[in-house]
1. Taking the stated definitions as given, is D106 loosely packed, with under 15 Cβ neighbours inside 10 Å, in contact with a helix residue (DSSP H, G or I) (Cβ under 9 Å, 6 or more places away or on another chain) and part of a strand (DSSP E or B)?
2. Take the stretch 54-106 and flag every residue that is farther than 21 Å from C34 by Cα and in contact (Cβ under 8 Å) with a residue 60 or more places away in the chain.
3. Evaluate the stretch 80-90: report whether one residue or more is within 23 Å of V139 (Cβ to Cβ) and over 12 Å from the mean Cα position of the chain (by Cα).
4. Read through the list (1) touching a strand residue (DSSP E or B) at 6+ places or on another chain (Cβ under 9 Å); (2) surrounded by fewer than 18 Cβ atoms within 10 Å (Cβ to Cβ); (3) in a helix (DSSP H, G or I); (4) not polar (S, T, N, Q), then give the number of the only condition that D19 fails.
5. So, of the residues in the stretch 26-65 that are surrounded by 13 or more Cβ atoms within 10 Å (Cβ to Cβ) and among the acidic types (D, E), which turns out to be farthest from the chain's Cα centre (by Cα)?
6. Considering only residues that are touching a Ser or Thr at 6+ places or on another chain (Cβ under 7 Å) and hydroxyl-bearing (S, T, Y), which ones fall in the stretch 16-65?
7. Within the stretch 22-44, how many residues turn out to be assigned to a strand (DSSP E or B) and out of contact with any Leu (no Cβ under 9 Å at 6 or more places or on another chain)?
8. Could you give me the residue pairs with C-beta distances under 7 Å whose first residue belongs to the stretch 21-35 and is under 19 Å from L47 (Cα atoms), whose second residue is of a type outside the set (D, E, K, R) and assigned to a helix (DSSP H, G or I) wherever it lies, and which are 6+ apart or on separate chains?
Amino acid sequence: MPQHKEVKVLPYTSQQLFDLVSDVEKYPEFLPWCLGSRILRRQGNSLHADLVIGFKLFRERFTSHVTFSPNRIDVEYVKGPLQYLQNRWIFDENEDGSTTVDFMVDFEFKNKMFEKLVGSLFTEAVHRMVKAFEDRAAVLYGDTSV
């Protein structure tokens, strides 16, 4: 069960980062290995979405339930090739206008052999994905330094 937690201070407002992460439909534009995304339904402060992830011959569809709170986004796995998935983003705005981002992802594949294969690549893949969000923020909001 690969797990990754990362806390970073970024030079953007919490609202900007919240908007970036919550815009699931734009993920294929910047997120590595994300080949497609689709909102299945929206209900109040949550939505159900499909993401298609692909790398070489590997291609899978994941359905997730995403819940939005004022400074937090929680993702829970609904269906796909995983045993479970939990993902959390917390955005705490600092006095200087920057935001402390607390990111966590934890998942387990149903196929243990596949998990052993992916496990070795997991850390690098997560770092690249988090970096893709940072790079997207710089494109959308400017490459600022606080």
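1. no
2. F91, D92, E93, N94, G97, S98, T99, T100, V101, D102
3. No: zero hits.
4. The number of the failed condition is (1).
5. E60
6. Y27, S46
7. Qualifying residue count, the stretch 22-44: 2.
8. These pairs meet every condition: V21/F133; C34/Y27; C34/P28.
Every number in this text was worked out from the coordinates using simple rules, so none of it is lab data. Quick caveat, the model's predicted, so the values are computed rather than measured. Methodologically, a virtual Cβ is constructed for each residue, glycine included, from the backbone with ideal geometry; neighbour enumeration extends over all protein chains shown.
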